[in-house]
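Below is one structure, written out as structure tokens; comments come after it.
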2 protein chains.
Amino acid sequence: MPDAIPAFKPQAPEQSLDKDILAEMPAYDLIELFFFAYRDFVSDPDRILDEYGFGRAHHRVLHFVSRQPGLTIAELLDILRITKQSLNRVLKELIEKNFIESRTGTADRRQRLLHATPQGHDLALKLAKLQTRRIMRALSGAEPQAKEAISQYLLCLIDPDDREHVKHLVFGPDKT
Amino acid sequence: MPDAIPAFKPQAPEQSLDKDILAEMPAYDLIELFFFAYRDFVSDPDRILDEYGFGRAHHRVLHFVSRQPGLTIAELLDILRITKQSLNRVLKELIEKNFIESRTGTADRRQRLLHATPQGHDLALKLAKLQTRRIMRALSGAEPQAKEAISQYLLCLIDPDDREHVKHLVFGPDKT
DNA sequence: AATTTTATGTCAGCCTTGTTGACATATCTC
DNA sequence: GAGATATGTCAACAAGGCTGACATAAAATT
């Protein structure tokens, strides 16, 4: 299709060229940088988790429970997108080792409201700080607006149907 | 500690306040957005890989081999940071199913130079385009400089000792 | 009050993908 | 020829996903 329909050709030739290139040429740089960045980003916590006999799955659970005291099982499953059997395996260990506490719901007594114990909060904070250090180092050389651009980019990588949910989780229900 | 030691208080109150906040307050937003974005970013390829009986491990191998024809086993191990046994399991399958070809090195006949077959390139490209679509969608609303800021950010998240190596891999040996 | 739905827990077994350790082979280097 | 290097392979194990089936308590519905 080298010869476009005349009506389309003169209209915005640069943009259509751009579009063609983008359609043909994968964004290898961002794909690969994302892979390498994530690989190293999760490697910091790994070392510490090892000392506790925990893995990444435990980290994810502990993180979200610590961040949102009173989180229910159903909400956690929705965040992690794993099965309840997978969740239960690591959650049970976190409870047994006293990093998370499971309380029966008050309004709905079928629910379990999850809370991090002081020990749990300590570990979660320790790991979050480790990752924060890496983030701050990466941000240190950047312009002030960069952080906003990066947040926006990451948010828009998320499935559109889940974006509002994530916004809610990350920035809180207050911030519209 | 509401009352600071007088000697410290007057000295750069804004900056020290900033630093304190950063030291105390984890970057929960970027930590969590990174998690959710990565979760969805890898989910696109997963669906297609399933049809071929492949998993994420196969994807990673195929991607880098397709991107760098003639890649050796040692180089691939260095990129993926897994053991040769883990690599061999998936590589063997990719070769058996004719997505990758292993040629004996010419200069050093001990080496295996890996190449994607036409079928392999097709699949790799198909997956890369899927991910590119998501990336472009996320970038579409952003300022033109945003892409540069994001690349820079991701690059700086990578371990400093590996950064030059990754730069080399992603942007090519030519670009300094 | 009886029934159905919902939230959670649990058992059993399977798959992928990572790990370690040991050992084999071909080839290159000294 | 001896030793180092690049790769392949066998066996066993662990983490963390998955499915399917079934159990229980509490809420919701009829």
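Residues being in a loop (DSSP other than H, G, I, E, B) and within 12 Å of chain B (Cβ to nearest Cβ): count how many of those fall in segment A:99-149. Talk me through it step by step, then tell me what you get.
Quick first cut of segment A:99-149, residues in a loop (DSSP other than H, G, I, E, B) only: A:99, A:105-111, A:117, A:141-145.
Filter once more, keeping what is within 12 Å of chain B (Cβ to nearest Cβ): A:141-145.
Of the residues in segment A:99-149, 5 are in a loop (DSSP other than H, G, I, E, B) and within 12 Å of chain B (Cβ to nearest Cβ).
How about segment A:117-175: which of its residues are free of Cβ contacts under 8 Å to residues at least 12 places away in the same chain and touching a Pro at 6+ places or on another chain (Cβ under 7 Å)?
Across segment A:117-175, the qualifying residues are A:129, A:132.
If residue B:155 satisfies every condition in (1) within 20 Å of the chain's Cα centre (by Cα); (2) on the phi < 0 side of the Ramachandran plot; (3) surrounded by fewer than 17 Cβ atoms within 10 Å (Cβ to Cβ) but one, which is the exception?
Against the list (1) within 20 Å of the chain's Cα centre (by Cα); (2) on the phi < 0 side of the Ramachandran plot; (3) surrounded by fewer than 17 Cβ atoms within 10 Å (Cβ to Cβ), residue B:155 comes up short only on (3).
Give me the residue from segment B:74-98 that is more than 14 Å from chain A (Cβ to nearest Cβ) and not in a helix (DSSP H, G or I) and, out of that set, farthest from DNA strand C (Cβ to nearest atom).
B:98
Residue pairs, Cβ under 8 Å, 6 or more apart or interchain, first in segment A:57-73 and more than 12 Å from residue A:125 (Cα to Cα), second β-branched (Val, Ile, Thr) and assigned to a helix (DSSP H, G or I). List them.
Matching pairs, first to second residue: A:57/A:90; A:58/A:90; A:61/A:90; A:71/A:65.
Read-outs: derived from the displayed coordinates by stated rules, not from any lab. For clarity, every value in this text was computed on a predicted model and none was experimentally measured. So basically every Cβ, Gly included, is an ideal-geometry build from the backbone, and we count neighbours across all protein chains shown.
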